[in-house]
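Below is one structure; the comments refer to it alone.
The values are calculated or read from the model by the stated rules, or taken from the named source; none is laboratory data. What you see is a predicted model, and the numbers here were worked out from it, not measured in a lab. Cβ placement follows ideal geometry from the backbone for every residue including glycine, while neighbour counts extend to all protein chains displayed.
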Amino acid sequence: MTWLSIIIAGIITYFTRMTMVALVDRDLLGEKVKAVLAYVPSAVFPAIIFPGIFINDYGTFIEMNDPKIFGAIVAILVGYFSRNVIATILSGLTSYWVIIFLL
Amino acid sequence: MLTKKQLFSKGFLSVAPHMLSVIPFGIICGAIGIELGFDPILVYALSIIIFGGASQIVFLQLLSGGASALIAVTSVGVINSRHLLYGAVLSEYLEKLSFIKKLLISYIVVDQGFAESNKFFMKNKTETHLHYHLIGSGVTLWIFWQLSTLAGIVLGSFVPEELGLKFAIPLTFIAIVVQDLKKLDHVIVMITCGLSSLLFFNAPFKSYIIISPVIALFVAALVLRLKK
């Protein structure tokens, strides 16, 4: 039963990846839709970022003085000016660690 | 004009920094499955058959919590439905590929690979073998995902939980969108998505992950109309 549900989940997931690439003719999308698609990264990734910062493991909101908020601000500033992915991630993590371990 | 090999390496290099978050997350993902009491082979099979971090964890947590298979499968489908948006964006660049190649390349489309390859595509529309960039980024992510989930399964969660390495996930995505903070229209779309995701966080089947992008894209359409 578990195996069957894994396989069905896998097929559904594969279809989410494949449908728009292989089955849907791009010409079916109007010019307006194509213009809006340019916003997909900005419209999707904050739905991973915001809950990852503001909601804890128990599904409740964190306090406004949570170290993750500080870490995220540092990462945004470092990322914005350095344009470097490694610097962004490491600066966010280390500033978060400094607060939880040293302060 | 770049060769296939050069494009592949560029794809590899573009996602390599993201391994800072992918590897710990993979280890956590594998270890959680074992901690929840699932058969190691089953836990690992998820990495090949589903190949999608968050959805793998949710799937196992739901099943171990006594949820029905239907609820677990639906949740995976809802969480991964965002790939439809990635596919719609990528289809512009993959249009000329044969049907078989489209079927194969689809399997390796994941968040970070989509994000980095799409950035490259936007700047290099004229390259002939663009899809090799996506293969480079996707295959890299696939290999590291397999190895790290396997490590988590075999070795357990050897990454100390106190380090809070799950925090690397939002950071990796901050690194992906941070340059778009220069553009007001993108900032509006990002804030809409972010606030919606918090507002709808408790919606069933983790559907906030697709509800908030849809709302944000509607706002994007409005913004486009106002810009004219």
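If the condition is being buried (at least 16 other Cβ atoms within 10 Å of the Cβ) and outside any helix (DSSP H, G or I), then the stretch A:7-37 contributes only A:29.
Which numbered condition trips up residue B:48, out of (1) within 23 Å of residue B:106 (Cα to Cα); (2) crowded, with 19+ Cβ neighbours inside 10 Å; (3) not basic (Lys, Arg)? Only one criterion in (1) within 23 Å of residue B:106 (Cα to Cα); (2) crowded, with 19+ Cβ neighbours inside 10 Å; (3) not basic (Lys, Arg) is unmet by residue B:48, namely (2). Selection of the stretch B:193-205 for residues being at the interface with chain A (Cβ under 8 Å from one of its Cβ atoms) and either assigned to a helix (DSSP H, G or I) or in contact with a Lys or Arg (Cβ under 6 Å, 6 or more places away or on another chain) (or both) yields B:193, B:194, B:195, B:196, B:197, B:198. There is at least one residue in the stretch B:78-87 that is assigned by TED's automatic domain parsing to the domain that holds residue B:39, surrounded by fewer than 21 Cβ atoms within 10 Å (Cβ to Cβ) and free of Cβ contacts under 8 Å to residues at least 60 places away in the same chain. Given the criteria more than 7 Å from chain B (Cβ to nearest Cβ), assigned to a helix (DSSP H, G or I) and within 22 Å of residue B:114 (Cα to Cα), does residue A:87 qualify? In short, yes. Scanning the stretch A:38-50 for residues that are surrounded by fewer than 19 Cβ atoms within 10 Å (Cβ to Cβ) and either at the interface with another protein chain (Cβ under 7 Å from one of its Cβ atoms) or on the phi > 0 side of the Ramachandran plot (or both) yields no hits at all. State whether the residues of the stretch B:191-203 include one that is touching a residue at least 60 places away in the same chain (Cβ under 8 Å) and small (Gly, Ala, Ser). No, that holds for no residue.
Hey, does the stretch B:142-162 have a residue that's in contact with a Ser or Thr (Cβ under 7 Å, 6 or more places away or on another chain), away from chain A (no Cβ under 12 Å), in a helix (DSSP H, G or I) and buried (at least 23 other Cβ atoms within 10 Å of the Cβ)? Full working, then the answer.
Here is the first cut: in the stretch B:142-162, the residues in contact with a Ser or Thr (Cβ under 7 Å, 6 or more places away or on another chain) are B:145-146, B:149.
Right, trim to away from chain A (no Cβ under 12 Å) and you get B:145-146, B:149.
Going one step further and asking which of them are in a helix (DSSP H, G or I), we end up with B:145-146, B:149.
Cutting the leftovers down to buried (at least 23 other Cβ atoms within 10 Å of the Cβ) gives us B:145, B:149.
For the stretch B:142-162, residues in contact with a Ser or Thr (Cβ under 7 Å, 6 or more places away or on another chain), away from chain A (no Cβ under 12 Å), in a helix (DSSP H, G or I) and buried (at least 23 other Cβ atoms within 10 Å of the Cβ): present.
Here is the figure for the stretch B:206-223: residues that are assigned to a helix (DSSP H, G or I) and either touching a residue at least 40 places away in the same chain (Cβ under 8 Å) or at the interface with chain A (Cβ under 7 Å from one of its Cβ atoms) (or both) total 10. Regarding residue A:90, is this residue surrounded by fewer than 22 Cβ atoms within 10 Å (Cβ to Cβ), closer than 24 Å to residue B:174 by Cβ, without any contact (Cβ under 8 Å) to a residue 60 or more places away in the chain and within 22 Å of the chain's Cα centre (by Cα)? Taking the combined requirement at face value, the residue satisfies it.
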